[in-house]
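The values are calculated or read from the model by the stated rules, or taken from the named source; none is laboratory data. Keep in mind the model is a prediction, meaning the values are calculated, not measured. Here Cβ is always computed from backbone atoms with ideal geometry, including for glycine, and neighbour counts include all displayed protein chains. Protein only, heavy atoms only, side chains kept; ligands, DNA and RNA dropped before computing areas. Shrake-Rupley method; radii C 1.70, N 1.55, O 1.52, S 1.80 Å.
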Amino acid sequence: MGYPHQPHAKETVVLSQYFGDPEARTYQGWVKRGGYAALRTALARKPAEIVEIVKESGLRGRGGAGFPTGLKWSFMPKEKSKPHYLCCNADESEPGTFKDREIMRWTPHGLIEACAIAQYAIQAEVTYIYIRGEFTEPLAIMQRALDEAYREGVLGANAMGTGKRLDMYLHRGAGAYICGEETALMNSIEGRRGNPRIRPPFPAAVGVFGMPTTINNVETLAAVPHILNRGAAWYKSLCLSNPKSTGTKLFSVCGHVRRPGNYEVTMGFPLKDLLYDLCGGMRGGRTLKACIPGGSSVPILNREETESCLLDYEGCATQGTMLGSGGVIVFDDSADMVYQIMRLARFYAHESCAQCTQCREGTAWVTKILQRILAGDGHQKDLDLLLDLSEQMTGKTICVLSDSCAAPVVSGIRKFRQEFEAYLTGARRPAGAGVAV
Amino acid sequence: MSEHELVSLTIEGVDVSVPKGTLLIEAAKQAGVVVPHYCYHPGLPVAGVCRMCLVEVEKTPKLQIACATPVAPGMVVRVMSPPALEARKGVLEFLLINHPLDCPICDQAGECELQDYVFQEGRARTRYGSFAKRFNPVEDFGGDVLYVPNRCILCTRCVRFMDHVADDSILNVSERGDRALIGIHGDRALDHPWAGNVVDLCPVGSLISKDFLHKARAWELDRTASVCTGCSQGCNVTLDTRQSAVVRARPRPNPDVNRYFMCDYGRGQYRWMNGGDRIEAPLLAERDGLVATDWDHALARAAQLIKGAAGRTVVLASARASTEALFLARRLAGGSSVTGAFRVEYVPGEAPLSGVPNLALRSERAPNATGARVLGYTEAFDAAVRTASEAGLVLVLDEPLHGVPANTLAGAGMVIYLGTVLPEAARVARVVLPIANVAEEDGTFVNRDRRAQRYFQAKATPGMARPAWWVLGELLAELGRGGPFATAAEAFDLLSREDPSFAGLSYATLGTQGVGLPAARPPVVVPA
Ligand SMILES: Cc1cc2nc3c(=O)[nH]c(=O)nc-3n(C[C@H](O)[C@H](O)[C@H](O)COP(=O)(O)O)c2cc1C
Ligand code: SF4
Ligand code: SF4
Ligand code: FES
């Protein structure tokens with residue numbers, strides 16, 4: 001159910017079933033709700049069978065890239081010659097995204113169970129759950145649940161009484177967006193600066209501490225117990241559009257809608273319905289201007305595109321954007337797109353790890369140009385310059401933070417050029433002090 | 001699969017075959033193409049951060065970094081294709097927006113990879129406009145190193161050197177985004193014995209040497225291959241000279257000796273090479289003491305003394321003398337029985353560079369002690385000095401004679417002194433012959449691993465001084481024992497003909513990186 005709202009009839013409630021239900025946070029409460037049954041089933045099977053089931057379900061990564069989860073797991077060495085690791089990516093720092101936070105706040109045991117299953121499937125001794133530094137409340141809840149899980153024998157030397165060893169640690173980040181990037185996350189766990197690593201080698205070969213590692217997003221993992229409980233076929237059947245996108249997805253909707261919050265819908269759900277039905281439409285009789293459907297890193301959609309976009313990997317691609325993390329940022333007709341885009345660019349400029357030249361210098365330069373335009377000092381050539389710099393920042397760096405900065409700039413200029421022009425020609429006056437750079 | 005398996009590919013239209021696992025940037029060198037790069041350095045772990053080395057690889061959608069992409073069979077690589085050039089132009093523009101463009105006062109100007117590539121591939125004009133550039137004050141990193149953050153391109157070579165080669169992680173990248181800069185541990189200075197290498201590694205003028213600060217412009221310098229005189233490691237170096245003064249020494253790559261590095265102690269060696277206290281003319285002992293003369297007279301007098309000498313000859317040699325001179329000096333003593341001795345300063349403890357096997361500032365602080373030993377000189381220096389008083393002839397080869405009482409040598413009566421400077425004890429010499437120092441002549445040293453390595457003349461000799469091999473060759477010729485030599489190579493040829501330790505070697509075979517001496521003949525083992 002969407003939190004903090006009452007569930008809407010059009011939602012498909014799987015991951016969010018117990019959002020808002022404090023009892024589900026406890027071990028007893030979780031077991032009462034059928035918790036840890038999936039883990040018990042999993043531990044009775046061979047790891048490879050679980051990988052097969054997840055492959056079969058069609059589950060894909062919810063952290064941004066949409067990589068097929070079962071396939072990712074199958075990249076781990078079959079013959080174990082070294083320790084394996086699972087990293088659960090709970091760094092959730094993508095602007096506009098706040099779904100993993102709710103999963104951890106309300107169903108911590110669900111995530112622990114999910115991690116334990118995945119850990120067993122990839123034959124890892126240890127799971128690190130890497131939690132965003134600012135998530136103090138989710139961290140406390142997770143820690144309590146983890147302590148309980150050890151106490152109750154879910155984890156530890158004799159996990160679920162099977163004689164198998166499963167260990168799990170929470171690792172608190174220090175609040176850098178880049179540490180959500182999977183290889184930066186590994187560096188951070190190792191105590192190094194959170195810089196993304198060049199690939200290859202890929203984490204399944206050389207990951208955290210140089211060992212084979214799988215990294216998955218919180219929401220991706222959270223789906224796994226449900227798949228084991230209800231079957232791959234059931235999960236696969238959750239599909240409203242393209243068969244390559246299955247299951248449910250949590251969308252964190254923020255911005256100018258009446259009821260912002262988390263909503264869980266089946267893959268392929270129309271974005272239009274999400275905004276107008278579930279979220280109650282625009283505030284105060286305003287109209288939709290633009291929407292970023294997948295967190296701040298993906299191209300912006302205009303109104304027409306938004307209203308015809310289907311929320312799955314392919315549906316977003318059809319509109320020239322990406323499903324990303326599922327952070328839906330909504331702008332009504334009062335939004336100043338130039339300002340909004342500057343805010344995004346400024347975020348990336350602040351968060352760039354500074355390794356790649358294009359990203360380190362480009363994110364800051366793009367921000368300065370956008371600020372200049374907003375201040376009424378823009379040059380006619382600035383838009384072409386922004387597009388050219390964005391081109392230089394795309395597809396050339398270690399990670400895609402650089403691309404992420406360029407994406408909203410390019411789509412913003414393409415789709416809302418008149419708003420930029422208005423600043424450049426002086427038709428629009430510089431924003432007041434409150435909105436200033 | 002064999003380690004030596006070759007992979008064939010095409011780079012800029014040139015077919016090359018390289019060992020499997022070779023990185024594109026190295027394979028491109030074989031095709032005669034230097035892929036522009038900043039963070040890559042063959043002596044450091046790959047970082048792949050500057051993104052300068054982007055090249056086009058056929059059938060790969062994105063441009064690839066040549067410094068981290070291994071070769072694959074049949075790969076077709078384009079370094080100069082429009083997309084690759086465009087991408088690198090972009091990197092150069094980004095690197096320049098915050099760069100102060102203070103080339104006129106920057107020591108790196110003229111040997112700066114930023115200048116070079118911008119000139120080669122960059123755009124003529126900036127599009128940055130009126131934005132303020134990032135500013136951070138110059139920081140003294142300690143040791144010989146200043147950090148000029150405004151020029152830094154964050155290639156992280158310096159950080160990787162300290163982390164992985166020096167194994168002393170005191171540098172880091174601090175801050176993020178365009179605020180990033182190189183930081184140093186709060187309680188530490190760049191005083192590691194090998195820290196000076198960060199100055200050479202820095203591709204721009206961001207890490208600079210205090211010693212070299214504003215001393216010379218790169219284009220005024222002449223560069224000469226040489227060998228460090230600091231210790232018996234024999235690091236290959238380049239001596240940079242301006243107007244016949246050595247202004248700095250920098251490491252010259254040699255994979256077998258010092259890879260890309262040299263220690264700070266070795267860097268400081270160049271100073272003595274510029275000493276102003278030199279003997280500039282041959283001197284003869286006359287009634288009023290030593291009197292300047294010309295070479296003809298001096299050589300004739302010296303030859304006459306040698307011919308007339310009876311009994312033992314003592315050669316007191318410097319372990320900084322060339323192998324050629326050490327050999328010729330002993331030969332000059334001819335049939336008479338010869339005692340050859342040298343001495344070396346030993347400083348306890350070595351200062352290794354941990355990331356490179358068998359590389360350290362050695363405690364034996366002379367470049368040619370091994371050469372002297374191979375040629376039969378011993379370290380029984382004091383004993384040799386004592387016998388000098390009874391010797392028929394004492395030949396001194398640039399040994400500074402510190403602590404040798406003048407009257408000891410005076411007792412010998414017949415002292416011929418070949419030297420660069422004239423110590424008090426040498427004033428008893430009958431003939432003083434001024435010779436070149438290491439920067440002023442061609443020659444060879446033999447390092448501690450018995451590797452013979454050539455050094456080349458970097459500057460003019462002062463006054464009438466001549467290389468020791470020339471002087472000794474002239475004397476040998478007078479005595480009919482070989483010589484004279486027109487070049488050091490000829491002197492070395494005589495050495496290789498006469499001494500089995502050097503058999504088969506020549507200046508051509510030594511090249512610029514040297515070779516090991518033929519293995520000493522193993523002792524004959526008689527089966528029981
Ligand atoms: C700059 C950057 C930040 C990222 N931040 C997150 C994050 O906060 N949480 C997350 O799950 N994935 C994040 N990702 C994606 C991860 O790199 C990785 O793809 C993901 O965790 C894989 O999990 P999945 O396959 O389950 O989606 C980020 C990627 C980039 C490039
Ligand atoms: S693209 Fe940006 S954030 Fe990513 S590795 Fe490069 S500099 Fe760091
Ligand atoms: S100081 Fe020089 S070597 Fe170090 S990161 Fe900057 S440019 Fe590179
Ligand atoms: S030289 Fe290849 S990325 Fe820097």
*Rounded, prolate or oblate: which one fits the range B:265-336, using the alpha carbon gyration tensor with axes a ≥ b ≥ c (rounded when a/c is under 1.5, else prolate when a/b beats b/c, else oblate)?*
oblate
*Using a 1.4 Å probe, what is the accessible area per residue for the range A:66-169, in Å²?*
34
*May I ask you to work out the translational diffusion coefficient for the range A:1-129 at 4 °C, viscosity 1.567 mPa s, via Stokes-Einstein with Rh from the Kirkwood sum over Cα pairs, reported in whole µm²/s?*
81
_Once the Cα gyration tensor of the range B:6-94 is diagonalised, semi-axes √(5λ) in Å_ = 19, 15, 11
*Indicate the gyration tensor shape class of the range B:130-260 (rounded, prolate or oblate), computed on the Cα atoms with a ≥ b ≥ c the square roots of the eigenvalues: a/c under 1.5 is rounded; otherwise a/b larger than b/c is prolate and the rest oblate.*
oblate
_Normalised contact order of chain A, rounded percent, pairs of Cα under 8 Å and 6 or more residues apart_ = 16
*Could you work out the helix-only [θ] at 222 nm for the protein assembly as shown, with each DSSP H run of four or more residues adding -39,500 (n - 2.57) and the total divided by the number of residues, to the nearest 500 deg cm²/dmol?*
-8500 deg cm²/dmol
*Rounded to the nearest 0.05, what FRET efficiency is calculated for A:S237 and B:V46 with R0 set to 41 Å and r the Cβ-Cβ distance?*
0.30
*In nm, give the distance between the simple-model label positions of B:A486 and B:A380, each being 7 Å from the Cα along the Cα-to-Cβ direction.*
4.2
*Find the relative contact order for chain B and round it to a whole percent, using C-alpha pairs within less than 8 Å whose residues are 6+ positions apart.*
11
*Rounded to the nearest 5, what is the percent of antiparallel bridges among the DSSP beta bridges in the protein assembly as shown?*
60
_lysines with Cα under 16 Å of A:K415, excluding same-chain neighbours fewer than 8 positions away_ = A:K289
*Cα point-scatterer Debye curve for the range A:183-326, base-10 log of I(q)/I(0) at q = 0.13, 0.16, 0.21 Å⁻¹*: -0.72, -0.94, -1.18
*Whole-number accessible area per residue in Å² for the range A:337-425, which is evaluated in the context of all protein chains at 1.4 Å*: 30
*asked:* I'd like the trypsin sites (Lys or Arg not before Pro) in the range A:182-242 restricted to DSSP loop residues with at most 12 other Cβ atoms within 10 Å, sorted by number.
replied: A:R192
*asked:* Going by Cα centres, the range B:266-280 and the range A:21-54 are how many Å apart?
replied: 78
*For the range B:372-528, with the dipole built from +1 on Lys and Arg beta-carbon atoms and -1 on Asp and Glu ones, taken about the Cα centre, which of B:A410, B:T378, B:G480 lies farthest toward the positive end?*
B:T378
*Counting only the heavy atoms of the protein chains, how much of A:C309 is accessible to a 1.4 Å probe, in Å² to the nearest 10?*
0
*Could you sort the residues of the range A:172-202 by number and keep only those whose accessible area is reduced by 50 Å² or more in the all-protein-chain setting relative to the chain alone, 1.4 Å probe?*
A:R193, A:I198
_Do any residues of the range B:32-52 show a loss of at least 30 square angstrom of accessible area between the isolated chain and the full protein assembly, using a 1.4 Å probe, and if so which?_
B:V49, B:R51
*Any idea what Rg and Dmax come out to for chain A if you just take the C-alpha atoms, in Å?*
21.9, 73
*For the range A:337-425, the spread of Cα positions along each principal axis, largest first, Å*: 37, 20, 19
*Solvent-accessible area, 1.4 Å probe, carbon plus sulfur percent, for the range A:238-332*: 52
_Once the cut-off is 47 Å, how many percent of the Cα-Cα pairs in chain B end up in the long-distance tail?_
24
_Rel. contact order, % - alpha carbon contacts under 8 angstrom, at least six apart, the range A:195-266_ = 16
_Cα pair count fraction exceeding 13 Å, expressed as % - the range A:1-67_ = 75
*Of A:T248, A:T41, which has the most accessible area and how do the rest follow, probe 1.4 Å?*
A:T41, A:T248
*Skip the ligands, DNA and RNA, and give the accessible area per residue of the range B:404-482 with a 1.4 Å probe, whole Å².*
30
*Hull shadow area, averaged, the range B:319-413 [alpha-carbon convex hull, nm²]*: 7.0
*asked:* Just to be sure I understand: if you take the accessible area of chain A alone plus chain B alone and subtract the pair, with a 1.4 Å probe, what total do you get in Å², rounded to 100?
replied: 2700
*For the range A:22-236, which whole-number percentage of the solvent-accessible area (1.4 Å probe, protein heavy atoms only) is attributable to carbon and sulfur atoms?*
54
_Occluded residues from the range A:348-382, i.e. those whose accessible area drops by 40 Å² or more once the chain is not alone (1.4 Å probe)_ = A:H350, A:Q355, A:T357, A:Q358, A:R360, A:E361, A:W365, A:K368, A:R372
*asked:* For the range B:369-528, compute Rg over Rh where Rg is the Cα radius of gyration and Rh is the Kirkwood radius from the inverse mean 1/r over Cα pairs.
replied: 1.01
*Which of the DSSP-defined H helices in chain A satisfy a minimum axial length of 18 Å, computed from C-alpha atoms, and a minimum mean Kyte-Doolittle hydropathy of -0.5?*
A:108-121, A:136-151, A:337-351, A:357-374, A:401-415
*Roll a 1.4 angstrom probe over the protein heavy atoms and tell me the percent of accessible area of chain B that is carbon or sulfur.*
53
*In square angstrom, rounded to the nearest 10, how much accessible surface does A:D147 have for a 1.4 Å probe?*
70
*Percent of beta bridges antiparallel (DSSP, the range B:296-516, rounded to nearest 5)*: 35
*Which percent of the Cα-Cα distances in the protein assembly as shown go past 39 Å?*
57
*What is the calculated FRET efficiency for B:D187 to A:T425, with r their C-beta to C-beta distance and R₀ = 56 Å, to the nearest 0.05?*
0.50
*Going from most exposed to least, what order do A:K55, A:K381 have by accessible area with a 1.4 Å probe?*
A:K381, A:K55
